[in-house]
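One structure below.
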Amino acid sequence: MKALWNALGPVWAWPVVIALASAIGLVTALLGDGPWDWVSWLCLGSVTGACVWLGWGRGR
Amino acid sequence: MPSPRALRAWSWVHKWSSLVCTVFMLLLCLTGLPLIFHHEIGHLLGTEIEAPEMAADAPRISLDRVLEIAIAEHPEKGGMYVSQEEDDDRVWYVTLSDTPLSDSGLKQVAVDARTGEALGQPPLDSGFMHIMLSLHVDLFAGLPGTLFLGFMGLLLLVAIVSGVVLYAPFMRKLGFGEVRRDRSSRVRWLDLHNLLGIVTLTWLFVVGATGVINTWADLLVRYWQTDQMAEMVAPYRGQPPLERNRLGSLQAAVSAAVALEPSMKVGFVAFPGTLFTSPHHYGVFMRGTDPLNSRLFKPVLVDAVTGQVTDSRELPWYLTGLLISQPLHFGDYGGRPMQIIWAVLDILTIIVLGSGLYLWLRRGVTGSADAVELPPALTGREAPNLNREVTHP
């Protein structure tokens, strides 16, 4: 397990988290309104925000 | 880690699948951007139909009257569809055509469901949004254009998958999200391409895949005609099609459908002979009222002469899949915040596409310090042994 983490973790940990957050965000708003929408906005919003921040925000 | 040989193959796949579809994907991203906000833009342009405020329980007029009012605007045409927006039952949109299967010369009249006032005629084949929609859906080339764009969408999915495979070898020496701003512009854009690509991955894959599914909508509905619809209307087989002037009451048909499904709302009604029903039936498409079921339709077939319900079945899986894939493509199911997120992700996708194109155009820059940043298996300039550490300059 540790070997697997060492092999894949550094490169894939964040991409997997982001993929899961995107998937949850895409599905929840389909299932309901109100709180479901909020979860969706939070998930997709943080994915989008992370993207903009990493790409242009930091280190300036 | 894939072998160097495999990586080179993936690299070839990524390059060519992207190159072929990039121009079309850029077009789809650019035209898709205003489409995300089509209601808002329609509102600004004054083409959006606005119903006057009245008491919510104001009585509704008969649909037969609604149809008469609409046809009075275009006396040479006949009814094709009558529909309502999911969240606004104050307006009926009546689509009129020369024949039930016309695909040009269509007119739409919006009629106030309470007063019978003709509120306007949303332009179906002119205007800015029509140009955006046509470029996005079929390049003004009908079904062949749609299927072509669907094929380009499949190439995009191939490009995404191959891009993910290539992500790891590029990132072995970098932390997640690292963009080497102090290096040449090619390195900077490579890092940005990898970052934006991997973060927008899931969203773009879902929007791409659901877009591809949407290109098959016409074919799926035609298949449904020969499949479930054919079974439902089997008793009518061989009868001559109904003339438009012999149709019975539209209101009676809708009332019969509502009586069958009292917990549902009318989504749209297809007139006999149109794509969504048989030559002898009003196809009344009912939708549910909760967020998920409001996207799904249940067709109720009503004999267009007698007003009797003849059959009603759940949609088959392939049409349910199509209907579920639509909101996932449009981003219209989570209010304004979701529209904004969709727009930002759309712009980020434009940057991924543009940077990919830029990296390809600058591919000739080898022998410079940049080339060593590429995995050796891809440059082919290093012995194909990926276990060996690449020296970092």
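Conditions tested, residue by residue: (1) among the hydrophobic types (A, V, I, L, M, F, W, C); (2) assigned to a loop (DSSP other than H, G, I, E, B); (3) more than 25 Å from the chain's Cα centre (by Cα); (4) within 13 Å of another protein chain (Cβ to nearest Cβ).
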residue: B:306; (1), (2), (3), (4): no, yes, yes, no
residue: B:326; (1), (2), (3), (4): no, no, no, yes
residue: B:329; (1), (2), (3), (4): no, no, no, yes
residue: B:336; (1), (2), (3), (4): no, no, no, yes
residue: B:341; (1), (2), (3), (4): yes, no, no, yes
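Here's a check for you: in segment B:71-110, which residue that is touching a strand residue (DSSP E or B) at 6+ places or on another chain (Cβ under 6 Å) and of a type in the set (A, V, I, L, M) is surrounded by the fewest Cβ atoms within 10 Å (Cβ to Cβ)?
B:106
Can you tell which of B:50, B:68 is surrounded by fewer than 17 Cβ atoms within 10 Å (Cβ to Cβ), modelled with pLDDT under 90, of a type outside the set (A, V, I, L, M, F, W, C) and outside the structural domain of residue B:346 (by TED's automatic domain parsing)?
B:50
Select from segment B:165-208 the residues that are surrounded by fewer than 18 Cβ atoms within 10 Å (Cβ to Cβ), of a type in the set (Gly, Ala, Ser) and more than 9 Å from every other protein chain (Cβ to nearest Cβ) and list them in ascending order.
Correct list: B:184, B:185.
Tally the residues that are assigned to a loop (DSSP other than H, G, I, E, B), touching a helix residue (DSSP H, G or I) at 6+ places or on another chain (Cβ under 9 Å) and not aliphatic (A, V, I, L, M), restricting the search to segment B:257-289.
Within segment B:257-289, residues that are assigned to a loop (DSSP other than H, G, I, E, B), touching a helix residue (DSSP H, G or I) at 6+ places or on another chain (Cβ under 9 Å) and not aliphatic (A, V, I, L, M) number 9.
Checking the conditions here, which among A:27, A:47, A:11, A:39 is surrounded by 15 or more Cβ atoms within 10 Å (Cβ to Cβ), at pLDDT 90 or above and within 8 Å of another protein chain (Cβ to nearest Cβ)?
A:47
Matching residues to (1) surrounded by 15 or more Cβ atoms within 10 Å (Cβ to Cβ); (2) within 14 Å of chain A (Cβ to nearest Cβ):
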position	(1), (2)
B:296	yes, yes
B:314	no, no
B:319	yes, no
B:322	yes, no
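In this structure, is residue B:122 modelled with pLDDT under 95, assigned to a loop (DSSP other than H, G, I, E, B), buried (at least 17 other Cβ atoms within 10 Å of the Cβ) and touching a Gly at 6+ places or on another chain (Cβ under 6 Å)?
no
Residues to consider are B:95, B:99, B:31; find the one that is at pLDDT below 95 and farther than 24 Å from residue B:164 by Cα. Spell out how you get there, then give the answer.
On the way: B:95 fails: at pLDDT below 95; B:31 fails: at pLDDT below 95.
That would be B:99, the only listed residue that is at pLDDT below 95 and farther than 24 Å from residue B:164 by Cα.
What number of residues within segment B:129-166 satisfy the criterion of being under 13 Å from the mean Cα position of the chain (by Cα) and part of a loop (DSSP other than H, G, I, E, B)?
1
Within segment B:226-246, does at least one residue satisfy the condition of being part of a helix (DSSP H, G or I), of a type in the set (D, E, K, R) and within 28 Å of the chain's Cα centre (by Cα)? Working first, answer last.
Residues of segment B:226-246 that are part of a helix (DSSP H, G or I), as a first pass: B:226-232, B:234-236, B:244-246.
Subset that is of a type in the set (D, E, K, R): B:227, B:231, B:244, B:246.
The next check asks that each one be within 28 Å of the chain's Cα centre (by Cα); those that pass are B:227.
The answer is yes, given that some residue of segment B:226-246 is part of a helix (DSSP H, G or I), of a type in the set (D, E, K, R) and within 28 Å of the chain's Cα centre (by Cα).
Could you list, in sequence order, all residues of segment B:135-149 that are surrounded by fewer than 18 Cβ atoms within 10 Å (Cβ to Cβ) and farther than 16 Å from residue B:22 by Cβ?
Across segment B:135-149, the qualifying residues are B:140, B:141, B:142, B:143, B:144, B:145, B:147.
Determine which member of the set B:149, B:156 is under 20 Å from residue B:12 (Cα atoms), assigned by TED's automatic domain parsing to the domain that holds residue B:362 and modelled with pLDDT of 95 or more.
Going through B:149, B:156 in turn, the sole match is B:156.
Could you please give the count of residues in segment B:234-253 that are under 25 Å from residue B:317 (Cα atoms) and buried (at least 19 other Cβ atoms within 10 Å of the Cβ)?
0
Hey, could you check segment B:234-278 for residues that are among the charged types (D, E, K, R) and in contact (Cβ under 8 Å) with a residue 12 or more places away in the chain and say which is farthest from residue B:220 (Cα to Cα)?
By that ranking, first place goes to B:246.
The values are calculated or read from the model by the stated rules, or taken from the named source; none is laboratory data. Everything quoted here is computed from the prediction, not taken from an experiment. Every residue, glycine among them, receives a Cβ derived from its backbone with ideal geometry; neighbour counts consider all protein chains shown.
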